[in-house]
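J.: My questions all concern the structure below.
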Number of protein chains: 2
Amino acid sequence: MKKVEVITPILNANDLVAQENQNLLKTHGILPVNLMASPGAGKTSLVLQTIKALQGRARLGVVEGDIASSIDSDKVAATHTPVVQINTGGECHLDALTVQKALKALPLSSLDILLIENVGNLICPVEFRLGEKIRVAIASVAEGDDKPYKYPGIFTSVHAVVLNKIDLLPYVDFDLEAMRQAIKRLNPGAKIFELSCRTGEGVTAWAAWLESQWKVQEK
Amino acid sequence: MKKVEVITPILNANDLVAQENQNLLKTHGILPVNLMASPGAGKTSLVLQTIKALQGRARLGVVEGDIASSIDSDKVAATHTPVVQINTGGECHLDALTVQKALKALPLSSLDILLIENVGNLICPVEFRLGEKIRVAIASVAEGDDKPYKYPGIFTSVHAVVLNKIDLLPYVDFDLEAMRQAIKRLNPGAKIFELSCRTGEGVTAWAAWLESQWKVQEK
């Protein structure tokens with residue numbers, strides 16, 4: 001009887017490239033952050049607020065992922081932050097290879113933190129590592145407090161959850177305590193930041209945490 | 001030289017099953033509607049408001065699509081409306097075969113309109129016909145007015161756009177006229193319904209249009 005060899009790949013092709021990206025960024029002392037969220041949860045607004053909050057404290061670079069348009073990267077470029085736009089042309093997530101190409105276009109030797117804004121989607125981006133050290137889910141209070149139960153994959157895979165648009169709390173049916181409990185149940189170690197990119201409330205704590213993560217990595 | 005035959009499939013496997021679903025539903029005089037949106041845009045809220053608005057005017061059935069949980073179908077079942085929950089377990093969209101299975105569990109001979117709530121995602125559901133006659137995108141004003149440009153696929157493929165959560169307009173940076181123009185530019189024939197599932201404002205016009213579409217089909 002012929003023996004059938006089964007080879008289990010430990011890392012798939014995307015993971016291999018993601019590892020290359022992570023190594024490259026580590027060489028430069030850069031903290032790479034993968035920002036994932038539904039369309040309209042406030043990814044770009046969080047990028048802009050983070051740039052503002054860390055001005056003079058850390059040098060930021062940005063990769064913007066979208067199906068189409070350069071609306072987001074135009075906003076980031078207006079702040080004189082190095083930014084590369086990736087238009088996936090239909091793909092529902094970024095992948096490590098596309099991000100690798102974007103890295104070639106960024107001035108890595110003069111960056112400290114790289115914010116990678118993924119395509120607006122709570123499902124597909126979860127399976128594709130990009131080379132990030134930190135994964136963040138952004139949820140908006142306008143989306144409702146049941147999202148962790150409906151999209152458990154993303155909420156269990158992240159290091160932090162940013163709960164955005166808290167300025168809308170008086171106007172929506174959102175149970176803040178229920179949301180906190182749902183996140184804790186799925187992912188006890190996840191940091192939770194409640195903030196509003198519109199008013200700026202709560203952004204300082206988020207930015208300080210991000211900066212501390214970069215400093216920890218540097219050592 | 002050997003001739004290579006290239007066969008272009010006119011309908012792929014999913015489209016074939018979608019056609020079967022459509023034929024079956026047509027036999028029963030049922031109008032099938034595919035509701036697509038971001039997570040938290042208000043798909044289930046729109047389903048519940050539509051059930052209420054069409055009470056005594058059309059008999060509704062519902063298919064609920066989610067990655068996980070039965071939160072949505074529990075809400076629909078509480079209104080004594082026939083409902084089937086599909087948990088995709090990770091898939092980012094419904095497909096025709098899964099919907100076909102769901103149809104077997106519904107009392108088709110006593111239904112007039114079938115609302116199919118797709119998985120919360122602005123990208124993946126667009127490519128998969130389910131057997132629907134009407135495709136609807138639901139967007140929330142909390143998501144911002146740039147969504148048509150960022151997710152052109154869904155906005156060009158639908159018969160109607162429901163702009164939900166207009167009660168939040170005073171509290172968000174949303175340019176209503178810019179949104180209307182963006183939709184019209186991409187999809188001049190699309191109907192636009194501006195409403196709030198929270199306050200009920202504008203729901204009547206949407207429900208009346210849906211009822212008219214069912215009556216047109218019946219003839």
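The values are calculated or read from the model by the stated rules, or taken from the named source; none is laboratory data. These figures come from a predicted structure and were not determined experimentally. Glycine also receives a Cβ, built like all others from the backbone with ideal geometry; neighbour counts cover every protein chain displayed.
J.: Let me spell it out: the conditions are (1) within 12 Å of chain A (Cβ to nearest Cβ); (2) at pLDDT below 95, and B:Glu218 meets all of them except one. Which number is the exception?
T.: The number of the failed condition is (1).
J.: Do you know which of the residues in the stretch A:187-215 that are in a helix (DSSP H, G or I), surrounded by fewer than 19 Cβ atoms within 10 Å (Cβ to Cβ) and of a type in the set (A, V, I, L, M) is farthest from the other protein chains (Cβ to nearest Cβ)?
T.: First, pick out the residues of the stretch A:187-215 that are in a helix (DSSP H, G or I): A:203-215.
From the residues that got through so far, the ones that are surrounded by fewer than 19 Cβ atoms within 10 Å (Cβ to Cβ) too are A:204-205, A:208-209, A:211-213, A:215.
Next cut, of a type in the set (A, V, I, L, M) only: A:205, A:208.
On the way: A:Ala205: 23, A:Ala208: 26 Å.
Only one residue tops the list, namely A:Ala208.
J.: Collect the residues in the stretch B:42-59 that are outside any helix (DSSP H, G or I), touching a Ser or Thr at 6+ places or on another chain (Cβ under 8 Å) and closer than 17 Å to B:Gly200 by Cβ, keeping them in residue-number order.
T.: Keep residues of the stretch B:42-59 that are outside any helix (DSSP H, G or I), which gives B:42, B:54-59.
Now drop any that are not touching a Ser or Thr at 6+ places or on another chain (Cβ under 8 Å), which leaves B:42, B:59.
Scanning the stretch B:42-59 gives a single hit, B:Gly42.
J.: Right, here's the next one. In the stretch A:63-106, how many are within 14 Å of another protein chain (Cβ to nearest Cβ) and in a loop (DSSP other than H, G, I, E, B)?
T.: 11
J.: Still on this structure: Considering each residue of the stretch B:132-156, count those that are touching a strand residue (DSSP E or B) at 6+ places or on another chain (Cβ under 6 Å) and not hydrophobic (A, V, I, L, M, F, W, C), and give that number.
T.: Residues that pass the stated criteria total 6.
J.: Can you spot a residue in the stretch B:121-130 that is within 12 Å of chain A (Cβ to nearest Cβ), under 12 Å from the mean Cα position of the chain (by Cα) and part of a loop (DSSP other than H, G, I, E, B)?
T.: Residues of the stretch B:121-130 that are within 12 Å of chain A (Cβ to nearest Cβ), as a first pass: B:121-127.
This time we only want the ones that are under 12 Å from the mean Cα position of the chain (by Cα), so: B:121-122, B:125-126.
Next, only the ones that are part of a loop (DSSP other than H, G, I, E, B) stay: B:121-122.
Yes.
J.: Kindly evaluate A:Leu114 against the criterion of being modelled with pLDDT of 95 or more, more than 13 Å from every other protein chain (Cβ to nearest Cβ) and assigned to a strand (DSSP E or B). Spell out the reasoning first.
T.: Values: modelled with pLDDT of 95 or more: yes; more than 13 Å from every other protein chain (Cβ to nearest Cβ): yes; assigned to a strand (DSSP E or B): yes.
Yes.
J.: Additional query: Of the residues A:Val203, A:Val119, only one is touching a Ser or Thr at 6+ places or on another chain (Cβ under 9 Å), of a type outside the set (D, E, K, R) and free of Cβ contacts under 8 Å to residues at least 60 places away in the same chain; which?
T.: On the way: A:Val203 fails: free of Cβ contacts under 8 Å to residues at least 60 places away in the same chain.
Sole residue among the options that is touching a Ser or Thr at 6+ places or on another chain (Cβ under 9 Å), of a type outside the set (D, E, K, R) and free of Cβ contacts under 8 Å to residues at least 60 places away in the same chain: A:Val119.
J.: Filter the stretch B:158-177 down to residues that are in contact with a strand residue (DSSP E or B) (Cβ under 6 Å, 6 or more places away or on another chain) and outside any strand (DSSP E or B) and give me whichever is farthest from the other protein chains (Cβ to nearest Cβ).
T.: B:His159
J.: Scan the stretch B:134-148 and report the pairs whose first residue is at the interface with chain A (Cβ under 7 Å from one of its Cβ atoms) and whose second residue is in a helix (DSSP H, G or I) and surrounded by 24 or more Cβ atoms within 10 Å (Cβ to Cβ), with Cβ atoms within less than 7 Å and a gap of 6+ or a chain change.
T.: From the stretch B:134-148, the pairs are B:Ser140/A:Ala142; B:Ala142/A:Ala142.
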